[in-house]
Amino acid sequence: MRKGQIFGIVVAIFAIIGMYNLPKSIINKTNKEKLGKTETANTADLVASSAKTISENDLKKIGALRKLFLNTQDIKKSTNFADSLATIFISLQKFDSALVYADKIVLLHQENKNCLKTAGNIAFAIYSAISEPQKATLYAEKARNYYQQFLKTDSSDFEVRNNLAMTYVVSNTPMQAIMELRKVLAAQPSNEQAQFNLGLLAIQSGQFDKAINRFKTLVDANAKNWKAKYYLAISYLESGKNTEAKALFSDIAENANDISLMEDAKNNLKNLN
């Protein structure tokens, strides 16, 4: 596996999107009405421009979720509906439509900081899914903006800090990613995601000895951390340590709980034999 392929894996591994428990409160009625007006236009535009590429079943799901989103006054429910809509649009590669819901979550719930986190995660998921570098940069900037606003009120959220760090990979200051991840480890030395991300960045930059140290730390702590073990094997392979790589690939091929990792490990074993 060459560095170009590895970079593709590094980008793909970023995909992170989730649902968060949010406190209940009444949504600002003025904002709700404002969004309701623009929502109708957005729906019409979507159907007109995308009817050929979106299945009838998906259109029904989108319509039902949109109706639920507009008609609920509960923050947690409306945020969940918006997040579900964004997830569907991301799966359909309708990234601009997905981002619309990140913006709506924030606009509707301006006083709820956790909505900034959810919106950031949506933008981050789009950034992770998109293959065009220029557009990836735009979505990374959007995610970074949401995360930075969120961290002003809660700097202890290490998940957000990890994601924020990775948005710098496609910025004009990529070294900022490493600096931010080191800050996470300084504050929480046991943070596995920061260790993992630093390992990925070490692979991307061809610093395989550093990558080995990062992933070995994770594997030593948890022998069933199959992703860390896989990248440790890749790091060994790229360092010319074929014996160590072969042993790890064999373990992954036989025991991993991830089919894609197992298959890739088997392919690497064929090339090593």
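Points worth noting:
- For the range 128-201, fraction of C-alpha pairs farther apart than 15 Å, in %: 52
- Sites GLN207 and ALA247, calculated FRET efficiency, Cβ-Cβ separation with R0 22 Å, nearest 0.05: 0.50
- Computed magnitude of the charge dipole of the range 122-230 (debye, nearest 20; Cβ of K, R +1, Cβ of D, E -1): 140
- Which listed pairs, of LYS94/LYS229; LYS77/LYS113; LYS61/LYS113, have C-alpha distances above 25 Å, in listed order: LYS94/LYS229; LYS61/LYS113
- Hydrodynamic radius by Kirkwood, which averages 1/r over all alpha carbon pairs of the range 216-273, in angstrom: 10.9
- In nm, spacing of pseudo-spin labels at GLU263 and THR53 (7 Å Cα→C-beta vector): 2.5
No lab work stands behind these numbers, since they all come straight from the coordinates. Computed from a prediction, not measured in an experiment: that's the story for all the values here. All Cβ positions, glycine included, derive from the backbone under ideal geometry; neighbour counts span all protein chains shown.
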